[in-house]
Amino acid sequence: MLTLYLLGYDKSHNIFAPQVKKIFSLPADSPRSRGTIRQMLTDRVIEKDETGVYTITEAGLKELSLSFPYVRFSVFEWDGKFRIVSYEIPEKKRALRDSLRREVAGWGLGPWHRSFWLTPHPIIAELDRLTRGTAWAEYIQVFEGSPVLGEQKLLLEKVWELSKLEERYKKLFKDWHSILSEEAREKDDKMKAIVEKYIEILKDDPGLPKQLLGQHWIGFEAYDIFVEMRNILL
């Protein structure tokens, strides 16, 4: 699904084209990969038209957002609410605590205070689905609301360390420039390297909305630059 998003979520694409498979490191065409595609079609996270090309659906974008939270607010509007997740699992159950953290690692959650995590993403229904009837359920509390007092910039830095993320984006721009400057490198190889570098940082970007970051946040600029490079190299 990430491939369809990066190729352009509002268009259809042939994900079996050799160029696409090479650039996005997609698996070879096989019964297993075809089975994965069929399941995704059944789950309606992607659609296939009569010409055999694929589009990511709204449901697919929302599911992808659970692994790459940047995706959500590049497509959908923020409702203005924060979700506060509290889970205080005893040290003697560290394995249980660590397994929960792994499950929610891509949900844009940032540490606020001890045992309290904050996110603007609408993850309550997904968290309920994940934890209901499990050993996690008794340790979790979730709250939802809007901030009414306090310095927002300080909160964002404390919870998500945006200054460090900004430095990573600046390094990404330098890496992209170096890749584009390699005259002997083929276009497809350049695009493949650009995609790989971009995915590395997308995994860690909490995907905060423009209402919190402002229109000129460097992460939004990175996406715009990526689209420009994609349009030139593909």
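Using the Cα gyration tensor of the range 116-197, with a ≥ b ≥ c the square roots of its eigenvalues, what is the shape: rounded (a/c below 1.5), prolate (a/b larger than b/c) or oblate (neither)? Cα axes put the range 116-197 in the oblate bin. Listed cross-link partners LYS153/LYS203; LYS171/LYS192; LYS164/LYS197; LYS48/LYS203; LYS62/LYS190; LYS158/LYS203 are compared with a 21 Å cut-off, the Cα-Cα value being larger for LYS153/LYS203; LYS48/LYS203; LYS62/LYS190. Taking the longest Cα principal axis of the chain as reference, the axis of helix 162-180 is set at about 10 degrees. If you model the chain as an ellipsoid using its alpha carbon gyration tensor, with each semi-axis the square root of five times an eigenvalue, the axes come out at 33, 24, 16 Å, biggest first.
Binning at 5 angstrom from zero up to the longest distance, how are the C-alpha pair distances of the range 161-233 distributed in percent? All Cα pairs considered, the percentages come to 3, 15, 28, 24, 15, 9, 4, 2, 0. Other residues within the sphere of radius under 9 Å centred on the Cβ of TRP78, judged by their own Cβ, net out at +1 (K and R +1, D and E -1). Footprinting exposure proxy ranking of HIS121, HIS216, fewest other C-beta atoms within 10 angstrom first, gives HIS216, HIS121. Shown here are the Rg and Dmax of the Cα trace of the range 2-64, at 11.0, 28 Å.
Rule-based calculations on the coordinates, nothing more; no lab input. Since the structure is predicted, the reported quantities are computational estimates derived from the model, not experimental observations. With ideal geometry, Cβ positions are generated from the backbone for all residues, glycine too; neighbour counts draw on all protein chains shown.
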